[in-house]
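Comments concern the structure below.
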Amino acid sequence: MSAHQVLVEAVRAVLGAGPELELNGVFDAPPARGVRPYVIIEDAVLVDWSTKDMAGREGRLAVGLFETGEDRVWLRARTDQITNAIAELPRELGEGWRIVSLAFLRSRIAGEGSGLSMAVIEFRVRMLQAN
């Protein structure tokens, strides 16, 4: 499995495990018939971060939260919960991939027009794969 895939699966597992998030789904792409609120895990932008003897990736991971309505309080609370959940990702991801460092970078809440809102949360992740 690729570094992208193991990372997405780990994020999906931690976000799907918490009923307190009150989500209608966690997806890899915008769902055709998804009912808000839902989360989209964007494909991480990964670059080479290898060592002499280990494959490595460094990149940016973005998670989008999409909501009907303009309740910024609700969005802020869910953004904090998602940030905390991702901070608890298991370090061992599988297929030999391991998270070496994970850092919150930024979050942003914005209106999408006509009663729709979204939040984007970004992280920096560094991963190594044991050979």
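The values are calculated or read from the model by the stated rules, or taken from the named source; none is laboratory data. Please read all numbers here as calculations on a predicted model, not as lab measurements. Note that each Cβ is placed from the backbone with ideal geometry, even for glycine, and that neighbours are counted across all protein chains shown. Ligands, DNA and RNA are excluded from the accessible area calculation, which covers all protein heavy atoms including side chains. Shrake-Rupley method; radii C 1.70, N 1.55, O 1.52, S 1.80 Å.
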Looking only at segment 98-111, count how many residues are within 22 Å of ILE40 (Cβ to Cβ) and touching a residue at least 24 places away in the same chain (Cβ under 8 Å).
-> 6
Looking at segment 32-47, is at least one residue within 18 Å of MET127 (Cβ to Cβ), modelled with pLDDT of 95 or more and out of contact with any helix residue (DSSP H, G or I) (no Cβ under 8 Å at 6 or more places or on another chain)?
-> yes
Just checking, how many residues over segment 109-130 are outside any strand (DSSP E or B) and open to solvent by less than 40 Å² (accessible area, probe 1.4 Å)?
-> 1
Single residue of segment 24-54 satisfying the filter (within 17 Å of ALA10 (Cα to Cα) and in a loop (DSSP other than H, G, I, E, B)) that is nearest to the chain's Cα centre (by Cα) | GLU42
Scan of segment 50-70 for residues that are closer than 16 Å to ARG108 by Cβ, out of contact with any Pro (no Cβ under 8 Å at 6 or more places or on another chain) and modelled with pLDDT under 95, ordered by number = GLU70
Just for segment 77-106: of the residues that are in a loop (DSSP other than H, G, I, E, B) and over 13 Å from ARG12 (Cα atoms), which one is most open to solvent (accessible area, probe 1.4 Å)?
-> GLU95
